[in-house]
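**Student:** This is the structure, below, for whatever I ask next.
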Amino acid sequence: MTEKLRILSGIRPTGPLHLGNLYGALKNWVKLQDQYQCFYFIADWHALTTEFENTGIIKPSGKDIITDWLATGIDPERSVLFIQSEVKEHAELSLLLGMLVTVSRLERMPSYKDFQIATGRELSNFGFLGYPVLQSADILMYRAHGVPVGEDQVPHIELTREIARRFNGLYREVFPEPKPILTEAPRVPGTDGRKMSKSYQNAIFLSDPSPVIEHKIKTMITDPARKRRKDPGDPQKCPVWDFHKIYSDEDTRNWVTQGCASAGIGCLDCKGAFIPKVIAELEPIRDLRRYFDEHPGEVLEIIQDGCGRARSFAVETMKMVREAMKI
Ligand code: SF4
């Protein structure tokens with residue numbers, strides 16, 4: 001039997017998962033398990049690079065996220081679920097790979113500036129500048145062939161490929177050059193119309209009770225032209241339309257397009273057409289989550305097992321790395 005190709009992906013534990021994560025990553029991760037040997041990890045050291053003043057959230061959030069993974073169908077038998085800081089070899093590999101990257105290369109990474117612009121935070125800590133190297137270490141540690149990412153993360157995979165090439169050329173062939181596996185994900189806007197994100201406080205969380213989901217959607221921003229019920233609107237200018245693209249059939253979408261443009265329907269009618277579908281999708285996830293919350297020992301065992309499997313792989317890689325570097 002041929003060995004499956006390996007992929008790796010992670011999430012920073014800075015809060016609970018939301019609908020944007022479900023469509024942007026998790027649904028895809030579940031599918032990828034059929035095709036690849038998957039390593040999914042909690043990137044807690046990455047969270048530290050920006051949350052070093054607010055570390056209290058990181059540990060509970062990591063366990064919480066793994067519970068969400070299990071509830072959405074990530075299978076711990078097939079995939080390795082682990083916590084980055086439980087595999088200390090990531091720090092060693094990151095340090096070694098750091099010798100192969102220039103500071104100016106890191107300063108040119110688009111995410112370095114983008115994050116500061118998006119959040120208004122001036123981060124000049126060394127950990128934040130160097131996090132793409134740590135990310136490369138995460139990927140190369142499992143000699144991953146692919147990394148499922150959104151378009152914005154492609155430059156990071158390119159840097160990882162450069163580092164792998166540099167290492168293999170200087171010392172010995174150890175690392176495959178990982179390819180980005182681009183995921184086609186629908187846009188999931190937050191309640192304020194911006195991209196759904198826990199840092200914008202506009203998210204519908206996977207753990208939100210049904211009345212909360214309903215309230216969040218009912219109060220969600222719409223086309224600003226529809227100030228009053230009788231004002232016509234345009235679904236293309238309304239973030240609610242993105243939800244119809246995900247949840248509604250063609251007839252409903254036609255009903256919205258005509259009803260919105262003619263002011264024949266109100267925004268609450270429009271939202272009411274898909275609210276039950278969002279609730280129906282999240283309800284079984286929440287039920288399964290409740291099961292795991294009631295059985296914390298099971299989750300702990302899954303995490304310990306995953307960390308152990310990741311560690312064994314990492315020990316093997318580091319042996320190859322040290323031999324290649326003659327250290
Ligand atoms: S009717 Fe629907 S698409 Fe039109 S503005 Fe209201 S919520 Fe948006």
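**Student:** Among the residues of the stretch 25-39, is there at least one that is outside any helix (DSSP H, G or I), in contact with a Gly (Cβ under 6 Å, 6 or more places away or on another chain) and crowded, with 18+ Cβ neighbours inside 10 Å?
**Tutor:** Initial filter on the stretch 25-39 (outside any helix (DSSP H, G or I)): 36-39.
Subsequent filtering for residues that are in contact with a Gly (Cβ under 6 Å, 6 or more places away or on another chain) retains none.
Scanning the stretch 25-39 turns up no residue that is outside any helix (DSSP H, G or I), in contact with a Gly (Cβ under 6 Å, 6 or more places away or on another chain) and crowded, with 18+ Cβ neighbours inside 10 Å.
**Student:** Asn202: surrounded by 14 or more Cβ atoms within 10 Å (Cβ to Cβ), touching an Asp or Glu at 6+ places or on another chain (Cβ under 6 Å) and of a type outside the set (A, V, I, L, M), yes or no? Quick ask: steps written out before the conclusion?
**Tutor:** Numbers: surrounded by 14 or more Cβ atoms within 10 Å (Cβ to Cβ): yes; touching an Asp or Glu at 6+ places or on another chain (Cβ under 6 Å): yes; of a type outside the set (A, V, I, L, M): yes.
Answer is yes for this residue.
**Student:** Still on this structure: If I filter the stretch 199-206 for residues that are outside any loop (DSSP other than H, G, I, E, B), closer than 23 Å to Ile74 by Cα and more than 16 Å from the ligand (Cβ to nearest atom), do I get at least one hit? Spell out how you get there, then give the answer.
**Tutor:** The first filter runs over the stretch 199-206 and keeps only residues outside any loop (DSSP other than H, G, I, E, B), leaving 199-200, 205.
Within this subset, residues satisfying the condition of being closer than 23 Å to Ile74 by Cα are 205.
From what's left, more than 16 Å from the ligand (Cβ to nearest atom): 205.
Within the stretch 199-206, one or more residues are outside any loop (DSSP other than H, G, I, E, B), closer than 23 Å to Ile74 by Cα and more than 16 Å from the ligand (Cβ to nearest atom).
**Student:** Going by what's in this entry, would Val80 be described as closer than 12 Å to Phe41 by Cα, at pLDDT 95 or above and surrounded by 14 or more Cβ atoms within 10 Å (Cβ to Cβ)? Walk me through it before giving the result.
**Tutor:** Values: closer than 12 Å to Phe41 by Cα: yes; at pLDDT 95 or above: yes; surrounded by 14 or more Cβ atoms within 10 Å (Cβ to Cβ): yes.
So Val80 fits the description; yes.
**Student:** Take the residues of the stretch 233-277 that are away from the ligand (no atom under 14 Å from the Cβ) and assigned to a helix (DSSP H, G or I): which is farthest from the chain's Cα centre (by Cα)?
**Tutor:** Of all residues in the stretch 233-277, those away from the ligand (no atom under 14 Å from the Cβ) come to 249-251, 276-277.
Narrowing the set further to residues that are assigned to a helix (DSSP H, G or I) leaves 250-251, 276-277.
Details: Glu250: 30, Asp251: 32, Pro276: 25, Lys277: 23 Å.
Looking at the filtered set, the residue picked out is Asp251.
**Student:** In this structure, does Thr72 turn out to be among the hydroxyl-bearing types (Ser, Thr, Tyr), at pLDDT 95 or above and either closer than 25 Å to Thr191 by Cα or surrounded by 18 or more Cβ atoms within 10 Å (Cβ to Cβ) (or both)? Let's see the steps before the verdict.
**Tutor:** On the way: among the hydroxyl-bearing types (Ser, Thr, Tyr): yes; at pLDDT 95 or above: yes; either closer than 25 Å to Thr191 by Cα or surrounded by 18 or more Cβ atoms within 10 Å (Cβ to Cβ) (or both): yes.
It is true that Thr72 is among the hydroxyl-bearing types (Ser, Thr, Tyr), at pLDDT 95 or above and either closer than 25 Å to Thr191 by Cα or surrounded by 18 or more Cβ atoms within 10 Å (Cβ to Cβ) (or both).
**Student:** I'd like to check something: does the stretch 292-308 contain any residue that is under 30 Å from Ser94 (Cα atoms) and among the small types (Gly, Ala, Ser)?
**Tutor:** Here is the first cut: in the stretch 292-308, the residues under 30 Å from Ser94 (Cα atoms) are 299-308.
Filter again for among the small types (Gly, Ala, Ser), leaving 306, 308.
Checked the stretch 292-308: at least one residue is under 30 Å from Ser94 (Cα atoms) and among the small types (Gly, Ala, Ser).
**Student:** Here's something else I'd like to know. Considering only residues that are at pLDDT below 95 and either assigned to a strand (DSSP E or B) or more than 27 Å from Lys237 (Cα to Cα) (or both), which ones fall in the stretch 157-198?
**Tutor:** Scanning the stretch 157-198 gives Leu182, Lys195.
**Student:** While we're here: What about Asp138, is it buried (at least 19 other Cβ atoms within 10 Å of the Cβ), at pLDDT 95 or above and under 19 Å from the mean Cα position of the chain (by Cα)? If you could, list the steps in order and put the result at the bottom.
**Tutor:** Values: buried (at least 19 other Cβ atoms within 10 Å of the Cβ): yes; at pLDDT 95 or above: yes; under 19 Å from the mean Cα position of the chain (by Cα): yes.
Considered against the rule, which asks whether it is buried (at least 19 other Cβ atoms within 10 Å of the Cβ), at pLDDT 95 or above and under 19 Å from the mean Cα position of the chain (by Cα), Asp138 comes out as yes.
**Student:** Taking the stretch 207-232 as the search range and keeping residues that are more than 9 Å from the ligand (Cβ to nearest atom) and surrounded by 17 or more Cβ atoms within 10 Å (Cβ to Cβ), which one is nearest to the chain's Cα centre (by Cα)?
**Tutor:** Ser207
The values are calculated or read from the model by the stated rules, or taken from the named source; none is laboratory data. No experiment lies behind these values; they were computed from the predicted model shown. Note: ideal-geometry Cβ built from the backbone for every residue, glycine included; neighbour counts use all protein chains shown.
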